[in-house]
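Enquirer: To start, I am sharing the structure in question, which I have written as structure tokens.
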Amino acid sequence: MDIVILVITALILLWIIILQVIGIYSACRGLQIQPASAKWCSPVFFHQYAVLSSECTFYPITEDGPKGIGCISLPPILQRIWLFVTVIIGGISLLFEILDLILLNFSELLADGSSSKWKRPWFTMILGPMAVFVVFTLAVYQAIYQPKGITSHVLVLADSGGNSVCEASLTPSSLRGEIISFADTLFDSWGCVYYGCV
């Protein structure tokens, strides 16, 4: 029975390490994409032509029909920060997980027999909550502040001639917007199952 538990544990550990390596690799590839842009969407942009910020920046609107929103492309500043943090935290976590594995396997040699301090993955236990705190802080910042490149007051053009213009006040996405954005990205490939068939 012990050998079965050991094999299952080793397979789970290997799977977690593989997922982390894939995540770090994907984040590195994402950082190399040039030119990159970030979509920023709002229901107020739906069925409209373009957005003009108070800094006189012109953003064409692309519609996302099933979601009932229109989107503009902004510089991917926050996305690059997310990718960079993913590479740094993922790499550090992976190194310390391997260090914990080595320390746990050689704890008999490192401990004096009475000490149990090497019988737990201390680095992983300490760095795990710290990584969650960093990610949480970035998520809160992204939810409560407007992205770089767009202003809070904009003009929304209904057509290319500028015959119909309205003023709109844009607010940060908040937690609700972040959850909707995350779910839309995660389940986009499900098509009709997620959005409903139109």
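Enquirer: Show the residue pairs that are 6+ apart or on different chains and have beta-carbon atoms under 9 Å apart, the first residue being within region 40-64 and at positive phi, the second being surrounded by fewer than 17 Cβ atoms within 10 Å (Cβ to Cβ) and assigned to a strand (DSSP E or B).
Expert: Every condition considered, the pairs that remain are HIS47/GLU63.
Enquirer: Turning to a different aspect of this structure: What single numbered condition from (1) under 28 Å from the mean Cα position of the chain (by Cα); (2) at pLDDT 80 or above fails to hold for GLY149?
Expert: Evaluating GLY149 over (1) under 28 Å from the mean Cα position of the chain (by Cα); (2) at pLDDT 80 or above leaves (2) as the failure.
Enquirer: Something else: Determine, yes or no, whether SER174 is surrounded by fewer than 15 Cβ atoms within 10 Å (Cβ to Cβ), at positive phi and small (Gly, Ala, Ser). Even if it seems obvious, please write down each step before you answer.
Expert: On the way: surrounded by fewer than 15 Cβ atoms within 10 Å (Cβ to Cβ): yes; at positive phi: yes; small (Gly, Ala, Ser): yes.
The answer is yes for SER174.
Enquirer: A follow-up question, please. Condition check: in contact with a His (Cβ under 6 Å, 6 or more places away or on another chain), within 16 Å of LEU157 (Cα to Cα) and either assigned by TED's automatic domain parsing to the domain that holds GLU167 or modelled with pLDDT under 85 (or both). Does SER42 satisfy that?
Expert: No; evaluated as a whole, the condition is false for this residue.
Enquirer: Among the residues of region 182-198, write down those that are free of Cβ contacts under 8 Å to residues at least 12 places away in the same chain and in a helix (DSSP H, G or I). Please lay out each step first, then the result.
Expert: Of all residues in region 182-198, those free of Cβ contacts under 8 Å to residues at least 12 places away in the same chain come to 182-183, 185-194, 197.
Passing the criteria: PHE182, ALA183, THR185, LEU186, PHE187, ASP188, SER189, TRP190, CYS192, VAL193, TYR194.
Enquirer: Of everything in region 165-176, what is without any contact (Cβ under 8 Å) to a residue 40 or more places away in the chain and in contact with a helix residue (DSSP H, G or I) (Cβ under 7 Å, 6 or more places away or on another chain)? Give them in sequence order. Working first, answer last.
Expert: Step one: of region 165-176, the residues without any contact (Cβ under 8 Å) to a residue 40 or more places away in the chain are 165-167, 169, 171-176.
Of everything in region 165-176, those that are without any contact (Cβ under 8 Å) to a residue 40 or more places away in the chain and in contact with a helix residue (DSSP H, G or I) (Cβ under 7 Å, 6 or more places away or on another chain) turn out to be PRO172, SER173, SER174, LEU175.
Enquirer: Tell me which residues, restricted to region 158-172, are over 31 Å from the mean Cα position of the chain (by Cα) and at pLDDT 80 or above.
Expert: To start, the set of residues in region 158-172 that are over 31 Å from the mean Cα position of the chain (by Cα) comprises 158-166.
Of everything in region 158-172, those that are over 31 Å from the mean Cα position of the chain (by Cα) and at pLDDT 80 or above turn out to be ALA158, SER164, VAL165, CYS166.
Enquirer: Name, by its number, the condition in (1) part of a loop (DSSP other than H, G, I, E, B); (2) within 21 Å of ASP188 (Cα to Cα) that does not hold for GLY23.
Expert: (1)
Enquirer: Looking only at region 117-152, count how many residues are over 21 Å from GLN79 (Cβ atoms) and out of contact with any Asp or Glu (no Cβ under 8 Å at 6 or more places or on another chain).
Expert: Adding up the residues that qualify gives 10.
Enquirer: Related question: Of the residues that sit in region 58-73 and are modelled with pLDDT of 85 or more and out of contact with any Phe, Trp or Tyr (no Cβ under 6 Å at 6 or more places or on another chain), which one is farthest from ILE180 (Cα to Cα)?
Expert: PHE58
Enquirer: Which of the following residues is in the same structural domain as SER173 (by TED's automatic domain parsing), surrounded by fewer than 17 Cβ atoms within 10 Å (Cβ to Cβ), touching a Cys at 6+ places or on another chain (Cβ under 6 Å) and of a type outside the set (Lys, Arg): THR57, THR62?
Expert: Exactly one residue qualifies, and that residue is THR62.
The values are calculated or read from the model by the stated rules, or taken from the named source; none is laboratory data. Since we're looking at a predicted model, the values are computed, not measured. Glycine gets a Cβ as well: all are built from the backbone with ideal geometry, and neighbour counts include every protein chain shown.
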